[in-house]
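Since the structure comes first, as structure tokens, the remarks are kept for the end.
The values are calculated or read from the model by the stated rules, or taken from the named source; none is laboratory data. Just so it is clear, the model here is predicted, and its values are computed rather than measured. Here the Cβ is made from the backbone with ideal geometry for all residues, glycine too, and neighbour counts use every protein chain on show. Just the protein is used for accessible areas: all its heavy atoms, side chains included, with ligands, DNA and RNA removed. Shrake-Rupley method; radii C 1.70, N 1.55, O 1.52, S 1.80 Å.
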Amino acid sequence: MKAAVDVTKVVAAHYYDGRTSTNVADERQLQKERDFEMALIVAGITPHFLPVREIPKPCPGEDDVKYRLAQKGVDVELAIDVLDFAHEDRYDVAVLITGDSDFVPLVRRITSLNKHTLIGHFDFDAWTDDNGVPHRPTRVSGDLVEAASYSLNFNQLVGDRDWKSEIQSLFFMPK
């Protein structure tokens, strides 16, 4: 029997997100987004960006227009690609970094196609950033974990003192 490192191969890596227009993003945000996009490309990850809906909010007494942003279609775009890749037999295990229960039907469909899924996720308690902005807690959907073939809570890896040696053992240099 071959070791996992002899038969494990990443065939593609993709990143999906919404992107605001230059009407909404300031120069700092545009620079940050460009740097992140370049980091993805250098790492061999294909970025996919869809436009974010920008809904103007009335702000009496302010010169600048404020916007409410609504990300639409990113999950659907990701699901279509994952299903297309499954039908093209491009992978055995789809690794999805998400905790969103909206992906349960996708995971079930992948399973019906004799493919596996690994759900990678983080769990965060509520927190406040350096600018005083509060953030809600983040938890993985129990239904998503139950539907998946495998799950990996990144928090457990970071909290494990031996995680570096364990994770390093999963990676290898291509021949």
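Before moving on, here are some points about what is shown:
- Looking only at residues in the range 129-149 that are polar (S, T, N, Q) and modelled with pLDDT under 90, the one that is surrounded by the fewest Cβ atoms within 10 Å (Cβ to Cβ) is Asn131.
- Residues of the range 140-162 classified as in a loop (DSSP other than H, G, I, E, B) and over 14 Å from the mean Cα position of the chain (by Cα), total: 6
- Only one entry of Phe122, Phe171 meets the criterion of being closer than 24 Å to Asp89 by Cα, modelled with pLDDT under 90 and open to solvent by 40 Å² or more (accessible area, probe 1.4 Å), and that entry is Phe171.
- Checking Lys32, Lys9, Lys72 one by one, the residue that is assigned to a loop (DSSP other than H, G, I, E, B) and surrounded by 11 or more Cβ atoms within 10 Å (Cβ to Cβ) is Lys72 and no other.
- Filter pass, Ile45 being modelled with pLDDT under 85 and open to solvent by less than 80 Å² (accessible area, probe 1.4 Å): no
- Taking the criterion of being under 20 Å from Leu78 (Cα atoms), out of contact with any Leu (no Cβ under 6 Å at 6 or more places or on another chain) and open to solvent by less than 60 Å² (accessible area, probe 1.4 Å), the only residue of the range 50-65 that qualifies is Leu50.
- When each of Glu37, Glu54 is tested for being over 21 Å from Ile80 (Cα atoms), in a helix (DSSP H, G or I) and in contact with a strand residue (DSSP E or B) (Cβ under 7 Å, 6 or more places away or on another chain), the lone residue that passes is Glu37.
- Scanning the range 103-139 for residues that are among the small types (Gly, Ala, Ser) and within 20 Å of Asp75 (Cβ to Cβ), we see that the one that is farthest from the chain's Cα centre (by Cα) is Ser112.
- Flag if Asp26 is of a type in the set (Asp, Glu), open to solvent by 50 Å² or more (accessible area, probe 1.4 Å) and more than 26 Å from Val145 (Cβ to Cβ): yes
- Residues (open to solvent by 40 Å² or more (accessible area, probe 1.4 Å) and farther than 17 Å from Asn153 by Cα) located in the range 94-115: Asp102, Pro105, Arg108, Arg109, Thr111, Ser112, Leu113, Asn114
Rundown of residues vs (1) more than 27 Å from Asp143 (Cβ to Cβ); (2) in contact (Cβ under 8 Å) with a residue 60 or more places away in the chain, yes/no style:
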residue	(1), (2)
Glu37	yes, no
Leu50	no, no
Cys59	yes, no
Ala70	no, no
Arg90	no, yes
Val93	no, no
Ile110	no, no
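- Options Leu106, Leu83, Leu96: the member that is at negative phi, part of a strand (DSSP E or B) and of a type outside the set (Ser, Thr, Tyr): Leu96
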